[in-house]
Structure formats: structure tokens, C-alpha cells
1. Tilt of helix 370-384 relative to the longest C-alpha principal axis of the chain, in degrees (0 to 90, nearest 10)?
2. Could you tell me the distance between the Cα centroids of the stretch 371-450 and the stretch 205-272, to the nearest Å?
3. I need 426, 254 ordered by Cβ neighbour count within 10 Å, fewest first.
4. Can you list the equivalent-ellipsoid semi-axes of the stretch 221-276, largest first and in whole Å, using the square root of 5 times each Cα gyration tensor eigenvalue?
5. If each DSSP helix of 4+ residues adds -39,500 (n - 2.57) and the sum is divided by the residues in the chain, what number results at 222 nm, nearest 500 deg cm²/dmol?
6. Kindly rank 87-94, 127-134 from highest to lowest mean number of other beta carbons found within 10 Å of each residue.
7. Ordered by packing density, taken as the mean number of other Cβ atoms within 10 Å over each peptide's residues, highest first, how do 440-450, 405-415 rank?
8. Could you give P(r) for the stretch 98-143, binned at 5 Å from zero, as whole percent values over all Cα-Cα pairs?
Ligand code: MG
């Protein structure tokens, strides 16, 4: 049995993420770090204080000390852990429904625990081999108010003043305690929506996907704002609308930040996940930089290997010189900087990023068939496209970069019985063509082998 999934421990509060489990996670983390300080934060959910108390009890019982930061967004917990802790714990289920909660553990650099570290925690929990402090060695707790320090660190890093008008939709999540204050300190004129924390998420669903926040499209225009930004429950993720009400695609956002870093740095290495658009390469290369691709979930290895100045997966932006965690607040600050620096409306800045046509679809495939299917697909896809392939990447499934900038990615899902097919074409027609080819190849291979 596994407790940790791809985003730490997450699930329904009544059946999975119970106070009993939270107590054990606290004991396990305390046992794992042996001594020192664990920093803890929580999101706005109705169950978060309950879980926090259980985790703190567990930590103290092993003899470690605790710094309690209260209701804060996840990036701030990572930042504070890097500054003050031997480990950090965030109580959050990100954008899940209000009946869920979760626990994420961070190392002393503010990076989420890697798989191996999570396995060690699981082993401690399953074998109940907890460290037990004697009565006079039990840890102590201090409450600290660090929101201003975090905001000041962000202001230092972003280093920008603005007069932009920003519509912020916090979705009643933890971003409410940072984002409006940060932007006002930068000089922005801020209008907020759903910016009081509430574990019932009365304003909207917590995930800032287009369907959940489509109303911002009209609102940003009606209010005459320069842009709208929405965040998820723990505020590590953002969605953006331009002044005309257009929802900005995630790959375009990545391209905007990658471009800024490459320009400011006069080159440099950018690391992105395997499923991201070629438009990023175009703008980075123009600025004298280079793009490297890594499998999903492996940005940290990539940052180290290539000395990256910026790293991203869709929705996740890491700014290594600020810290090695996903920090949406740096991202927001830099977005305002980009708009001012370019000196034109966001919609026009976005229009300068090459627009390609992307399609993603899955083919059902039992886990045990995946290796065989991938082997065949790799061979046949290369054969079919051999006259136009420029580069073949096999770090995660197969990605063929074609001469005209279009690309095809086929990779087995790491979490579901599916093979993912992603195609980006430089035109609608190219997209259709390449997708038909790749999708039917994968479907046929799966049915011929099953
Ligand atoms: Mg989140």
C-alpha cells in the first residue's frame, strides 16, 4: 500500500487523510529528520487546523521543534522551510474539493520530498518505528508571523514597480493572504474577488481551469483591467486572462517567462517538461538561450544538470535563483514586469509568441502492455516520419521534433492505464494530419497486441 501519490498524501478527510494518519505523519517526519526544526503551514480548508494539531503533536513527541506559520500558501511554506527548517510540512489538498485534504513534505531546501524520501516515511509509518522523546526532550512550538518577510523577499527578487490594474480571483484560497498585498506593494491597482479565505470555497471551484473561471473573461473587460489572475486553493498555481478577456494558454505563459529570463540573462539554459510547446524554443533561441526537455516530475534534476535559470511544467514555474520550489508569487510579479517592460497590452505581447495548434488525447492501454506498445510505436512512428524528423527524444516515451517546428509525443501515463498522444502543429492542418497518424498508430498497436 502507498500513502503518497504524485502530489504527496491527498484524499477525503473522512476516510483517508484522518487525524490518526496526520499524527503518524508528524511522528514519521520527526523520526526522519532526527532533530532540529520542522516548519508547518496550512491552507484554508475546514479540516486543516484539526490536521495541523495532530501533526504538531506527532512532531513534538519525537523531540523536534516546530515553527507554526498558520494559514499560508504553499510557496511561502517552501520559502520558510528553506530559510528556517530541517523540513517543512504543508497541509493542503491544493485544488481538490473542500471535503478533501492532504499533506506535503518538503526538504530543507524547500523542495517537495522525492519518491525515495516518501518511501522512507512510509516505511517508518508501516513499521511503527517512531522515535520517542523523553519527557524532558519533547520539542517546543513557536508561532511566527512571516507574511511580510515573504512579501519583502518577493519584492526584492522581482524588483519592479507598476501602475497596472489587476483583477485577482483568489477562489477563497490561501492566496488571499499574500497576493493582493504583494501587488499593492508593487504599486498595482488591485480589485479582488473571492479574496476572503473560506474552506467551503463558496466563490467557485478551486481549480483555476477555464470552465471554472470563464466569467473573468467579461469581467476583466467590463472593469477595464489590464489583466486578471486566478489562483488555486493553496495558491501555487495561476491562470491568466489578458485585457481583452482571452485566457492565456499555459505554454504561452511558459514562453513569456522563459523569454524574460533569456533576455535578462543574455542567454542561459531553460528546462521544461517533455509535453511543452516548441514556441518556447523559438523565443528562447531568439534571445540567445537554449531549451532542454526532461520527463514530467523531473524539473529538479534538470535544473541541476543544466544549471537552469528557469524551469517549468505546465502550471508549475520554478525560479531557481529565488528558490527551488514552484513559486506562483514570483511568477505573478514577473508577469507584471513583462507587461511594463514590453510597454504594450498583454494581448499584444501574447500575439508576438508564435501560436501553434495543440491536441492531446489518450488511448486506453493496460499497464502490462505499455512497454510492448511503446516499443512498436517508437519504431513505426520514426519510420513514418523519417523524412522530416529533426530530433528524437526518448527520455519519456518518444517525442519527434520535426523540421517545420511541429512535434509528436507518445508517452505512457505514469499514473493511469493510458498512453498519451500529444501533437503540436504549426498549422491547424498539420496538427490534424500528424494527430491522425500518431493516434491511429497507437490505437492499432494497442488493439493488435491485446
Ligand atoms: Mg496547488
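1. Once rounded, one gets 30 degrees.
2. 29
3. Details: 426 18, 254 29.
Lowest count first: 426, 254.
4. Numbers: eigenvalues 123, 46, 22 Å².
Over the Cα atoms of the stretch 221-276, the ellipsoid semi-axes are 25, 15, 10 Å.
5. Details: 15 runs with 173 residues, N = 450.
It comes out at -12000 deg cm²/dmol, rounded to the nearest 500.
6. Details: 87-94: 28.1, 127-134: 11.9.
Packing order, densest peptide first, comes out as 87-94, 127-134.
7. Numbers: 440-450: 15.8, 405-415: 19.1.
In decreasing order of mean packing, 440-450, 405-415 become 405-415, 440-450.
8. So the P(r) values, bin by bin, are 5, 14, 15, 18, 24, 18, 5, 1.
Read-outs: derived from the displayed coordinates by stated rules, not from any lab. Predicted model only: the values in this text are computed from it and were never measured. Heads up, the Cβs are rebuilt from the backbone with ideal geometry, glycines too, and the neighbour counts pull from every protein chain shown.
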